1. All but one of (1) loosely packed, with under 14 Cβ neighbours inside 10 Å; (2) touching a strand residue (DSSP E or B) at 6+ places or on another chain (Cβ under 8 Å); (3) in a helix (DSSP H, G or I) hold for residue 164, so report the exception by its number.
2. Is it the case that residue 63 is surrounded by 15 or more Cβ atoms within 10 Å (Cβ to Cβ), hydroxyl-bearing (Ser, Thr, Tyr), touching a helix residue (DSSP H, G or I) at 6+ places or on another chain (Cβ under 8 Å) and in the same structural domain as residue 135 (by TED's automatic domain parsing)?
3. Report, by residue number, each residue of the stretch 93-113 that is crowded, with 18+ Cβ neighbours inside 10 Å and closer than 18 Å to residue 44 by Cβ.
4. In the stretch 93-104, which residues are within 14 Å of residue 72 (Cβ to Cβ) and among the aliphatic types (A, V, I, L, M)?
5. Going through 125, 132 one at a time, which residue ends up being in a strand (DSSP E or B), modelled with pLDDT under 95 and not hydroxyl-bearing (Ser, Thr, Tyr)?
6. Determine if the stretch 176-186 includes at least one residue that is modelled with pLDDT under 90, within 30 Å of residue 121 (Cβ to Cβ) and under 44 Å from the mean Cα position of the chain (by Cα).
7. So residue 179 ticks every box in (1) assigned to a loop (DSSP other than H, G, I, E, B); (2) farther than 16 Å from residue 236 by Cβ but one. Which box is left unticked?
8. Please name all residue pairs, on different chains or six or more residues apart, with Cβ atoms under 6 Å, provided the first residue is in the stretch 40-65 and is at positive phi and the second residue is surrounded by fewer than 21 Cβ atoms within 10 Å (Cβ to Cβ) and part of a strand (DSSP E or B).
Amino acid sequence: MGQGRRRVSVKPVNEEQMSIAMQPRADAVYRGGQEPLGLAVVSSNTIIRSGLTHVLAGAPGVSVRHRVDSITALPASEPPALVVLDLYGQRSSRLGPGYWSLMPADSRIIALCRPDDPPNLPVALQGGARALLTRESGAAELLAAVQTVRDGGLHVCVDLLAHLVKQIAPEPPSREPQLANREVETLQWVARGLTHGQISQRMGLTEATVSTYVKRIRTKLNAGNKAELTRRAIELGYVTP
């Protein structure tokens, strides 16, 4: 009873220190003594940031060194090799080359993008993104993407693949209807309100030939009457309104 109780001093720790303290000791060595790559988790959403850190804590070959609320909060003196970046708080219109220039030099980015408002994915790839996922991607896919990027590869989830293909695919060749010179002239007269008989006199053709031209033009322009022919003539630049 005479012995005094020992006092235990507890120092407060911040979020990043707690995150680092929770890392498994087994991650100190990877693949026969190779040092794990430093990884940062960046999200303005505290819950998402904590969840990502929890999932990535056991990922082989990486070690979560930082978890911050913005890319500019990463220490310039210790840029991480990998960055898991949550983009859900950003509109795609703000994710141009200027934004990606803020990424740490030589860092490889695993980005979580909104499937309904993805950034310009080729620009993201040029800015250092090496994996493109969504928040709906499962933990297994996130870990697989991290390992793929760690080993120098690229990963794009299915939800974003169609957007990427659409953004990088070449423009399809123009399919504007091709009209012969006499058909163009006929269309111009029709658009000016002339009858087939009047057009035949102006063009030195029979009325039957003019009727044949008009039928061909309607087929090529998918127009059912003179009003639609006039509208298409204006759209194609053959006449001015």
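The values are calculated or read from the model by the stated rules, or taken from the named source; none is laboratory data. Everything quoted here is computed from the prediction, not taken from an experiment. Heads up, the Cβs are rebuilt from the backbone with ideal geometry, glycines too, and the neighbour counts pull from every protein chain shown.
1. Every condition holds for residue 164 apart from (1).
2. Yes, satisfied.
3. Across the stretch 93-113, the qualifying residues are 95, 100, 103, 104, 109, 110, 111, 112, 113.
4. Of everything in the stretch 93-104, those that are within 14 Å of residue 72 (Cβ to Cβ) and among the aliphatic types (A, V, I, L, M) turn out to be 102, 103.
5. From the options 125, 132, the qualifying one is 132.
6. There is at least one residue in the stretch 176-186 that is modelled with pLDDT under 90, within 30 Å of residue 121 (Cβ to Cβ) and under 44 Å from the mean Cα position of the chain (by Cα).
7. (2)
8. Every condition considered, the pairs that remain are 61/30.
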